[in-house]
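Asks: Take a look at this one; I'll ask things after.
The values are calculated or read from the model by the stated rules, or taken from the named source; none is laboratory data. All of these numbers come straight from a predicted model, not from anything done at the bench. Every residue, glycine as well, gets a Cβ built from its backbone with ideal geometry; the counts of neighbours run over all protein chains shown. Accessible surface is based on the protein model in full, side chains and every heavy atom, while ligands, DNA and RNA are left aside. Shrake-Rupley method; radii C 1.70, N 1.55, O 1.52, S 1.80 Å.
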Amino acid sequence: MNRRTFLRNVSVASSALPIVSPALAAMSSPAKKLGVALVGLGRYAEYMAYQMKECQYCEFRGLVTGTPSKAESWSKEYNIPEKNRYNYQNFDQIKDNPDVDIVYVILPNAMHKEFTIRAAKAKKHVIVEKPMALNPAECVEMMNACRENGVQLAVGYRLHFEPYNLEMKRLGQEKVFGPVRIVETSLGYFSGQAGEWRLNKKLAGGGPLMNLGVYCIQAGRYITGEDPMAVTAQFGPVLRKALFSEVEESITWQMQFPSGAICTSTTTCAAGIDRLYASAEKGHFELSPAISYGPFKGRSTNGEMDFPQINQQAAQMDAISKLLLDNQPIPDHIGGLEGWKDMKVIEAVYKAARTQTKVSITY
Ligand code: NAD
């Protein structure tokens, strides 16, 4: 199945997401593509720029970097004119650039708030990478700035466009096997290099919980369709003390949902794990790999799942761009409110691990 067929399916699979109508998907080239400026030219931005080549509704048109040599080499590769190149200091001038409609913030977590607010003040729509910010208060500031400046805000939650995860969400939320009682989902990579920002508390806000655990929180939430009301948590052992002196190396936590469902997760830099398992009253469903870039594999009580492996980044960017082109609101499940809820859970998980108490969450 090709990506266009997939997009048609997604608009059916995710009723809250008016992605692409069949008529529009059938058009070979839309009249207008939105221009995207990437802020921060690191690893994920590199992947995003490459994957966006497949987009129908947007294109990579501007860049923001603190490294002049990157501005030069990326501009050559992606044909970015000089007038669409900015650094972190002159970024606000993007306000006067009609080539750019969307600013995509792909910087270390501590810089998400500043660049989201500056982009909003420049009257550009904003996509910000996960985790949305360092804490819930920052998320509120970001949402307010976007609202006050009449622009929309989305979080780069790519799995809301990925067919295997959409199926997990459908099986859970539509109670295909009855009410979900247990979710187990974990994400980890053997990772950590001296000097990288992810190990720096000030820049990252925390360890793998911020970077990877947010996906597990998301999965628990989109499978149950509920927001956790309380959490308990335990820090794991610190095996590489020199690297993990500021942020956790591993953490395990449990989320309790209003229906009685429980989600248990571990996120870690000490080993690889990438799985999502849900058990309902009359059956179970699971993915492994579940969260990375695939190829995804899944099965349920009914048998193996068979969905297309897609370009998640292009699907995300096309869906968001199409909404913006149609003057449609960004739906809550990929918007600022969703990022804020995840930050509330992250904050509670850290508090629970620190205090060794059960921490309630109010939204
Ligand atoms: P990276 O380290 O590869 O890139 C970070 C970029 O920020 C670099 O270009 C760096 O030059 C720039 N930068 C500016 N100021 C900096 C500073 N003070 N310290 C360090 N770098 C600075 O990181 P990345 O993996 O691209 O992650 C960036 C963001 O994207 C993070 O928020 C991360 O969580 C998110 N991310 C998302 C996914 C996904 O699948 N959605 C995957 C990877 C990363």
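Asks: In straight Cα distance, which aspartates and glutamates are under 16 Å from residue 70, not counting same-chain residues fewer than 8 positions off?
Replies: 46, 82
Asks: What part of the accessible area of the chain, given as a whole %, is carbon or sulfur when the probe is 1.4 angstrom?
Replies: Ligands and nucleic acids excluded, carbon and sulfur give 51 percent.
Asks: Here is a follow-up. Region 236-363: Rg/Rh from Cα coordinates, Kirkwood Rh?
Replies: A ratio of 1.01.
Asks: In terms of Cα to Cα distance under 19 Å, which lysines are near enough to residue 282, apart from those fewer than 8 places away along the same chain?
Replies: 169, 175
Asks: Would you be so kind as to identify which of 268, 253, 68 lies farthest towards the positive end of the dipole of the chain, taking Lys and Arg as +1 and Asp and Glu as -1 on Cβ and the Cα centre as origin?
Replies: Toward the positive end, the furthest listed residue is 68.
Asks: Evaluate the distance, in nm, between pseudo-label points positioned 7 Å from the Cα of residue 99 and of residue 75 along their respective Cα→Cβ axes.
Replies: Placing both labels 7 Å along Cα→Cβ, they lie 0.9 nm apart.
Asks: Positive end of the dipole of the chain, charges at C-beta (+1 Lys, Arg; -1 Asp, Glu), about the Cα centre: which of 313, 80, 45 has its Cα farthest in that direction?
Replies: 80
Asks: So which trypsin sites (Lys or Arg not before Pro) in region 277-326 are both in a DSSP loop and have at most 13 other Cβ atoms within 10 Å of their Cβ?
Replies: Listed in order of number, the matching sites are 282.
Asks: Now, a different point. Add -39500 (n - 2.57) for each DSSP H run of 4 or more in the chain, then divide by its residues: what number comes out at 222 nm, to the nearest 500 deg cm²/dmol?
Replies: -10000 deg cm²/dmol
Asks: While we're here: Under 8 Å for C-alpha pairs, at least 6 residues apart: give me the relative contact order for the chain, rounded to a whole percent.
Replies: Relative contact order of the chain: 19 percent.
Asks: A follow-up question, please. Hey, can you rank 221-230, 151-160 by average C-beta count inside 10 Å, highest first?
Replies: Details: 221-230: 20.4, 151-160: 23.6.
Result, highest mean first: 151-160, 221-230.
Asks: Going out from 0 in 20 Å bins, what whole percent of all Cα-Cα distances in the chain drops into each bin?
Replies: Reading upward from the zero bin: 30, 60, 11.
Asks: For region 199-254, what is the Kirkwood estimate of the hydrodynamic radius, computed as the reciprocal of the mean inverse distance between distinct Cα atoms, to one decimal in Å? Provide the component values of the computation, followed by the final result.
Replies: Details: mean 1/r = 0.0808 Å⁻¹.
Result for region 199-254, one decimal place: 12.4 Å.
Asks: Which net charge results when you count Lys and Arg as +1 and Asp and Glu as -1 among the other residues whose beta-carbon is under 13 Å from that of residue 227? Walk me through the numbers on the way to the answer.
Replies: Details: positive: 221, 341, 344; negative: 226, 332, 338, 342.
Local net charge: -1.
Asks: Kindly report the accessible area of the chain per residue (heavy atoms of protein chains, probe 1.4 Å, no ligands, DNA or RNA), in Å².
Replies: Working: 15330 Å² over 363 residues.
Per-residue accessible area for the chain comes out at 42 Å².
Asks: May I ask for the distance between the Cα centers of region 46-82 and region 169-186, given as a whole number of Å?
Replies: So the separation of the two Cα centres works out to 39 Å.
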